[in-house]
1. Scan Gly93, Gly69 and give me the residue that is out of contact with any Asp or Glu (no Cβ under 8 Å at 6 or more places or on another chain) and modelled with pLDDT of 95 or more.
2. For the condition in contact with a helix residue (DSSP H, G or I) (Cβ under 9 Å, 6 or more places away or on another chain) and more than 16 Å from the ligand (Cβ to nearest atom), what is the one hit in Pro311, Pro291, Pro273, Pro251?
3. So Arg111 fits all but one of (1) in contact (Cβ under 8 Å) with a residue 60 or more places away in the chain; (2) under 11 Å from the mean Cα position of the chain (by Cα); (3) closer than 22 Å to Gln97 by Cα; what number is the exception?
4. If a residue has to be more than 19 Å from Ala46 (Cα to Cα) and in a strand (DSSP E or B) to count, how many in the stretch 152-168 make the cut?
5. Looking at the stretch 262-285 only, could you name the residues that are of a type in the set (Ser, Thr, Tyr) and open to solvent by less than 30 Å² (accessible area, probe 1.4 Å)?
6. What single numbered condition from (1) within 14 Å of the ligand (Cβ to nearest atom); (2) modelled with pLDDT of 95 or more; (3) open to solvent by 50 Å² or more (accessible area, probe 1.4 Å) fails to hold for Arg259?
7. Being among the aliphatic types (A, V, I, L, M) and over 21 Å from the mean Cα position of the chain (by Cα) is the filter here, so list the residues in the stretch 3-33 that pass it.
Amino acid sequence: MPRSIIAGIGMHVPENVFSNQDLTKYMDTSDEWIQERTGIQQRRYADRKAETTTTMGIEAAKIAIERAGLTEQDIDFIIFATLSPDYYFPGCGVLVQREMKMKEIGALDIRNQCSGFVYAISVADQFIKSGMYKNILVIGSEKHSFGLDFSTKGRNISVIFGDGAGAVVLQATDDAERGILSTHLHSDGNGAEILAMYNPGTHGNHWHHFADFDNDDMGKAFMTHAMIDNDQNFPTMDGQAVFKKAIEKFPEVIMEALRINGLNPSDIDMLIPHQANLRISQMVQKMLKLPSEKVYNNIQRYGNTTAASIPIALCEAWQEGKIKEGSLVCLAAFGSGFTWASALIRW
Ligand code: UT7
């Protein structure tokens with residue numbers, strides 16, 4: 001059975017750097033609060049017009065494809081993970097297919113938020129193991145800056161998130177010594193409303209004026225002026241509840257991956273945790289008794305880029321020579337859903 005290797009990796013972040021101090025112009029916050037609670041010093045924001053989730057993803061993809069020694073025409077399938085797609089529908093995958101002038105290959109969008117990239121890698125890995133595809137482009141990209149509440153009311157969320165993209169080419173190999181060893185995917189929908197953006201959606205319970213709606217209102221837009229006036233177009237989060245669950249599930253899903261492969265935490269050469277909060281990463285590191293040089297963090301510079309955070313961190317760790325052939329790399333994520341996931345890779 002073929003295995004999947006990461007044949008090429010790339011990243012792209014917007015040029016526009018936004019410091020914690022810059023945020024104080026819009027909301028009641030401080031550099032001290034943000035650094036102390038999250039470790040974040042700055043983040044990047046996309047150009048509001050010129051850059052989209054798709055265009056950033058494409059920039060990262062071009063680098064990944066070139067580093068894999070391939071061209072766009074060699075790609076057999078596209079998987080695009082994002083929670084901030086260019087359109088409500090269709091997904092970003094088809095936009096990549098069009099803009100990169102690829103063949104009429106399949107394109108799949110994955111909406112699993114912070115664990116979206118690990119889910120995407122897992123899906124790609126199954127296609128490769130089954131022999132269906134040889135080269136799969138997997139992208140994680142987010143343009144959060146467009147959908148955040150920059151008033152003081154939204155500060156617990158808006159200070160955390162940043163924009164950017166990462167991409168890999170997953171490739172089939174017969175080399176039994178390398179590649180993805182296993183992936184582990186989980187969810188608990190009981191936490192669905194704890195970190196969510198309800199609108200635009202068809203549920204209705206989160207519409208401020210829901211009581212005014214009945215079946216006679218057929219044809220009314222599901223996103224109305226009233227919803228926007230009531231700030232119902234922004235994400236909502238109970239940060240402490242997410243934090244508590246994250247520090248439980250991160251170590252659990254990492255240990256699951258290690259156990260299934262007969263390995264121990266000390267075998268990990270590089271842990272790439274989803275960059276949710278530096279305090280979460282540091283607690284996970286402590287629980288697994290890993291030295292600092294074996295855990296990669298760059299949230300200080302980019303904030304939380306959701307589906308893009310793992311491929312961006314993986315790309316930087318690799319570029320800095322911290323991941324070498326034979327390294328045991330562990331990816332782990334937790335976020336909205338709740339969903340969480342891990343992957344073990346022999347580089
Ligand atoms: O990747 C997706 C998954 N998301 C996460 O993993 C997020 C996990 N959670 C967290 O990272 C943390 O809960 C936060 C960083 C979001 C918040 O930190 P916290 O230590 O849990 O703060 P808190 O929400 O308990 O708020 C403490 C205080 C509150 O004021 P009072 O009620 O004590 O007066 C907040 O209003 O801090 C206030 N606050 C802020 N103050 C300044 C909340 N946000 C801010 C802010 N600046 N940006």
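The values are calculated or read from the model by the stated rules, or taken from the named source; none is laboratory data. Since the model is a prediction, treat every value here as computed from it, not as a measurement. So basically every Cβ, Gly included, is an ideal-geometry build from the backbone, and we count neighbours across all protein chains shown. Ligands, DNA and RNA are excluded from the accessible area calculation, which covers all protein heavy atoms including side chains. Shrake-Rupley method; radii C 1.70, N 1.55, O 1.52, S 1.80 Å.
1. Gly69
2. Pro291
3. If we test Arg111 against (1) in contact (Cβ under 8 Å) with a residue 60 or more places away in the chain; (2) under 11 Å from the mean Cα position of the chain (by Cα); (3) closer than 22 Å to Gln97 by Cα, just (1) comes out false.
4. Looking only at that region, the number is 1.
5. Matches in the stretch 262-285: Ser281 only.
6. If we test Arg259 against (1) within 14 Å of the ligand (Cβ to nearest atom); (2) modelled with pLDDT of 95 or more; (3) open to solvent by 50 Å² or more (accessible area, probe 1.4 Å), just (1) comes out false.
7. Leu23, Met27
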